[in-house]
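Chemist: I have a structure I would like to understand better, so I am pasting it below and will then ask my questions one at a time.
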Amino acid sequence: MLDLTFEAPAPKVIQGAKEEWELVIGLEVHAQVSTRAKLFSGASTEFGAEPNSNVAFVDAGMPGMLPVINEGCVAQAVRTGLGLKAEINLRSAFDRKNYFYPDLPQGYQISQLYHPIVGEGEVIVEMAPGVARRVRIERIHLEQDAGKSIHDMDPAMSFVDLNRTGVALMEIVSRPDIRGPEEAAAYVGKLRQIMRYLGTCDGNMQNGNLRADVNVSVCRPGDYEKYQETQDFGHLGTRCEIKNMNSMRFIQQAIEFEARRQIAILEDGGSIVQETRLYDPDKGETRSMRSKEEAHDYRYFPDPDLLPLEIEQAWVDDIKAHLPELPDQKKARFMADFGLSDYDAGVLTAELANAIYFEAVVNHVEAKDGKLAANWVINELFGRLKKDDLGIEASPVSPAQLGEVVALISKGDISGKIAKELFEIVYTEGGEPAKIVEERGMKQVTDTGAIEAAVDEIIAANPAQVEKAKQNPKLAGWFVGQVMKATGGKANPAAVNQIVTGKLGL
Amino acid sequence: MSIDTDTARRVAKLARIRVEEEALPALASEFNTILGFIEQLNEVDVDGVEPMTSVTPMHLKRRDDVVTDGSQPEKVLANAPDAREGFFAVPKVVE
């Protein structure tokens, strides 16, 4: 079982000009659902296609076209809900959110305001070993994405591409449980990690496949605890919503700026106006989006083109039975089975591809060498790949090859130093590690007779050093170094050490 | 519920329908007639009756997750008042 004992992190405190303030943050994360086709049409979701080529007439809002829901999108939303330990609503329904914008040809977005497909769940956001924030999820609903407007191709016109129009999004709404900018970024990171494990969203923030709206308010220390007791928002400050951020760094910067802006207003005796704001990364500030405010009346109503979405418990159970192992479980298992540290297990499970690679390496070694294998994956392999700017998928060293290197070290066939040379050879030239060791004479000398001979030779040639070492036993290291040099690094350092100290009578 | 000329103006704006100022009182009055008719329905006791979303006795039809449509940009753009380089071209909209 997963060990879920952790302490909550301390909330971030901002020192204003007059007093101390705390932050209260809630997020709406928009995650593009990984499917082949769109939510209500058979057009492709592929990124980067020619403009307006992934568009069905449904997406273009042509008269008389009717939406038909993509079952794959429903399954992905259910999968995500299960991954966040959330309730699945067997009956949900779609509503129209009405507004006009050039990238929304229907004139409304089909969403789920009143009856979302996923209800309450939770995410555990680890901030340090044993320190984590439990963030409650309020709901997840399915909705359509809008198209893309490009404003810089013509001085007087905006260009509109409807390829993204109608692609399925999951909007994941959290409770206001997040208490600082770092926590907010870590929360988005955790959601991203879970969804990537589940395969429900690729988490590509650069392409806009994962974006967040952040609600920020400030309160005085103690007020948040009153809210927690009563769930009465009256204890919290007025919030502002910062729209549409697609970078962890921007999320943190925007929250930091927005909190300070609100504190300055409040300490000046002013009050916060609830509004939607935009973050400008160039200026590092948020500003009001008044134009959107004016049209904020979305006149939601049930979409008459769509019947309620009814799914079977057996279908949900089947999805649940096939859920992959999630990051928290994988990490706990790595720690328990291979004795990895919290940090190492965290590094290896951060990305699913890394975890899969590590497990494949471990398959080639004994369980007791899991920790050694982890060191090699994290320090040697990741370091080397980073140097070449390669992803794990493009690693020139296969898990089988790396596993063999680790096994050779573990058996005592090669020393750690030689292993690094061997790794470099496998990385650049390829080949079977054991064969390379054999062919190039890299095998460690464990034959004590050979080592003794080398030690004797060095002792005989350096009488002055021997005298010094007898005064200062630390100098034995010098002899070990000389022996290693004389044997081309192939002597077993532990054996050398033992023989040297013995012969010097230390 | 009663609709005044301000509400009528707002509704027209939200629906992007141009209504001249002098036509607003008449529009508001028409709204009120319609709403008055609808309010009559409130006289029916629907306690314990589940809201009906459709009169068709069927479940929501679903499609498989396969690409069956698209690759027709020229048709998609055929009715656009202005299109350039594969995009719809519209008067500049910038936040």
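The values are calculated or read from the model by the stated rules, or taken from the named source; none is laboratory data. Because the structure is predicted, anything quoted here is derived from the model rather than measured. Note that we place each Cβ from the backbone using ideal geometry, even for glycine, and neighbour counts take in every protein chain shown. We work out accessible area using only protein heavy atoms, side chains counted, and drop any ligands, DNA or RNA first. Shrake-Rupley method; radii C 1.70, N 1.55, O 1.52, S 1.80 Å.
Chemist: State the answer as a single residue: which of A:Ala56, A:Ile319, B:Leu41 lies farthest towards the positive end of the charge dipole of the protein assembly as shown, with beta carbon charges of +1 for Lys and Arg and -1 for Asp and Glu, about the Cα centre.
Modeler: A:Ile319
Chemist: Quick one: 3J(HN,Hα) in Hz for the range A:5-15, Karplus 6.51/-1.76/1.60 with θ = phi - 60°, rounded, Gly and Pro as x.
Modeler: With coefficients 6.51, -1.76 and 1.60, one gets 8, 8, 9, 6, x, 6, x, 6, 10, 10, 7 Hz.
Chemist: Summing +1 for each Lys or Arg and -1 for each Asp or Glu, what net charge is found among the other residues whose Cβ lies under 15 Å from the Cβ of A:Asp369?
Modeler: -4
Chemist: Relative contact order for chain B: what is it in percent, counting Cα pairs under 8 Å that are at least 6 residues apart?
Modeler: 18 percent
Chemist: A:Ile150 to A:Glu275: extension gain in nm, 0.36 nm per residue of separation minus the Cα-Cα distance?
Modeler: This chain segment gains 42.5 nm when fully extended.
Chemist: Rounded to whole Å, give me the distance from the Cα center of the range B:1-40 to that of the range A:263-277.
Modeler: 36 Å
Chemist: Which is farthest toward the positive dipole end of the protein assembly as shown among A:Ile69, A:Leu307, A:Gly147, measuring Cα position about the Cα centre, with Cβ charges +1 (Lys, Arg) and -1 (Asp, Glu)?
Modeler: Positive-end residue among those listed: A:Gly147.
Chemist: OK, next. Determine which lysines satisfy two conditions relative to A:Lys226: a Cα distance under 26 Å, and not lying fewer than 8 residues away in the same chain.
Modeler: Within the straight-line cut-off, A:Lys226 pairs with A:Lys12, A:Lys18.
Chemist: Is there a simple number for the mean count of other chain Cβ atoms within 10 Å of the Cβ of residues in A:65-78, and what is it?
Modeler: Per-residue shielding by partner chains comes out at 2.
Chemist: To continue, here is another question. For a protection proxy built on the mean count of beta-carbon atoms within 10 angstrom, sort A:37-47, A:310-320 highest first, please.
Modeler: A:37-47, A:310-320
Chemist: When you take every Cα atom in the protein assembly as shown, what is the radius of gyration, and what is Dmax, the widest Cα pair distance, in Å?
Modeler: Spelled out, the Cα radius of gyration and Dmax of the protein assembly as shown are 32.4, 116 Å.
Chemist: Could you order the peptides A:213-219, A:156-162 from most to least packed, using the average number of other C-beta atoms within 10 Å per residue?
Modeler: A:213-219, A:156-162
Chemist: Oh, and also: Compute the accessible area per residue over chain A, keeping the other protein chains in place, probe 1.4 Å, unit Å².
Modeler: Heavy-atom SASA per residue in chain A reads 45 Å².
Chemist: Taking Cα pairs under 8 Å and at least six residues apart, what relative contact order does the range A:326-439 come out at, in percent?
Modeler: Relative contact order of the range A:326-439: 22 percent.
Chemist: Also: Starting from the Cα-Cα distance between A:Tyr114 and A:Lys371, subtract it from 0.36 nm times their residue separation and give me the gain in nm to one decimal.
Modeler: Residue separation times 0.36 nm, minus the Cα-Cα distance, leaves 87.5 nm.
Chemist: What does the helix-only formula give at 222 nm for the protein assembly as shown: each DSSP H stretch with n ≥ 4 adding -39500 (n - 2.57), the total divided by the residues, and the result rounded to the nearest 500 deg cm²/dmol?
Modeler: Counting only the DSSP helices, I get -11500 deg cm²/dmol.
Chemist: A further question on this structure: Quick check: residue separation of A:Asn497 and A:Arg175 times 0.36 nm, minus the Cα distance between them. What number comes out in nm?
Modeler: Once the chain is fully extended between A:Asn497 and A:Arg175, it gains 109.9 nm.
Chemist: Summarise the partner chain shielding of A:51-61 as one whole number: the mean count of Cβ atoms from other chains within 10 Å of each residue's Cβ.
Modeler: For this peptide, the per-residue mean of nearby foreign Cβ atoms is 6.
Chemist: May I pose another question? With all protein chains present, calculate the accessible area of B:His59 using a 1.4 Å probe and round the result to the nearest 10 Å².
Modeler: Approximately 130 Å² of B:His59 is accessible to the 1.4 Å probe.
Chemist: What FRET efficiency comes out for the pair A:Thr5/B:Ile38, r = Cβ-Cβ distance, R0 = 45 Å, nearest 0.05?
Modeler: The formula returns an efficiency of 0.20 here.
Chemist: What does the C-alpha gyration tensor say about the overall shape of the range A:356-506? Classify as rounded when a/c is under 1.5, otherwise prolate if a/b is larger than b/c, or oblate.
Modeler: prolate
Chemist: On a C-alpha basis, how far is the centre of the range A:462-506 from the centre of the range A:302-319 in Å? Whole number, if you could?
Modeler: Taking the Cα centre of the range A:302-319 as reference, the centre of the range A:462-506 is 75 Å away.
Chemist: Quick check: at a probe of 1.4 Å, how many percent of the accessible area of chain A sits on carbon and sulfur atoms?
Modeler: It is 51 percent, rounded to a whole number.
Chemist: Further, regarding this structure: Rounding to the nearest 10 and keeping the result within 0 to 90°, find how far the Cα-based axis of helix A:327-338 lies from the longest principal axis of chain A.
Modeler: The two axes meet at around 20 degrees.
Chemist: Give me the accessible area of A:Arg261, 1.4 Å probe, in Å² rounded to the nearest 10.
Modeler: Taking all protein chains as shown, A:Arg261 has close to 50 Å².
Chemist: Above 19 angstrom, tally the Cα pairs of the range A:448-504 and express them as a % of all pairs, no decimals.
Modeler: Cα-Cα pairs of the range A:448-504 separated by over 19 Å account for 16 percent.
Chemist: If you place +1 on the Cβ of every Lys and Arg, -1 on the Cβ of every Asp and Glu, and leave all else neutral, what size is the dipole of the range A:20-293 about its Cα centre, to the nearest 20 Debye?
Modeler: Once rounded to the nearest 20, the dipole reads 500 debye.
Chemist: Among A:Ser415, A:Val377, A:Ile194, which residue has its Cα positioned farthest towards the positive end of the charge dipole of chain A, with +1 placed on the Cβ of Lys and Arg, -1 on the Cβ of Asp and Glu, and the dipole taken about the Cα centre?
Modeler: Towards the positive end, the residue furthest out is A:Ser415.
Chemist: Run the dipole for the protein assembly as shown about the Cα centre, Lys and Arg Cβ at +1, Asp and Glu Cβ at -1, nothing else charged, and hand back the magnitude in debye, nearest 20.
Modeler: 1920 debye
Chemist: Additional query: Where Lys and Arg each count +1 and Asp and Glu each count -1, what net charge lies around A:Pro493 among other residues with Cβ under 13 Å from its Cβ?
Modeler: Value of the local net charge: +3.
Chemist: Accessible area drop of at least 50 Å² (1.4 Å probe, protein heavy atoms): which residues of the range B:72-95 qualify, relative to the chain alone?
Modeler: By number: B:Val76, B:Arg84, B:Phe87, B:Phe88, B:Val90, B:Lys92, B:Val93, B:Glu95.
Chemist: Measure nothing but the geometry: give the 0 to 90° angle between the long axis through the Cα atoms of A:181-198 and the longest principal axis through the Cα atoms of chain A, rounded to 10°.
Modeler: It is inclined by approximately 80 degrees.
Chemist: Given the range A:448-504, what count of lysine pairs have C-alpha atoms under 19 Å apart, with each pair 8 or more places apart or on different chains?
Modeler: Count of close lysine pairs: 5.
Chemist: Something else about it: Using the Cα gyration tensor of the range A:326-439, with a ≥ b ≥ c the square roots of its eigenvalues, what is the shape: rounded (a/c below 1.5), prolate (a/b larger than b/c) or oblate (neither)?
Modeler: Oblate.
Chemist: What quantity of accessible surface, computed with a 1.4 Å probe and excluding non-protein components, is buried in total between chains B and A, in Å² to the nearest 100?
Modeler: 4200 Å²
Chemist: A follow-up question, please. At a threshold of 8 angstrom on Cα-Cα distance, excluding pairs fewer than six apart, so keeping six or more, what relative contact order does chain A reach in percent?
Modeler: About 14 percent, as a whole number.
Chemist: Rounded, prolate or oblate: which fits chain B, taking a ≥ b ≥ c as square roots of the Cα gyration tensor eigenvalues, rounded meaning a/c under 1.5, else prolate when a/b beats b/c?
Modeler: It is oblate, given that a/c is not under 1.5 and a/b is not larger than b/c.
Chemist: Nearest 10 degrees is fine. How inclined is helix A:448-461 to the longest principal axis of chain A, computing both from alpha carbons?
Modeler: 70 degrees
Chemist: Now a separate question. Would you tell me the mean number of C-beta atoms belonging to other protein chains that fall within 10 Å of each C-beta in A:102-112, as a whole number?
Modeler: Neighbouring Cβ atoms belonging to other protein chains average 1 per residue here.
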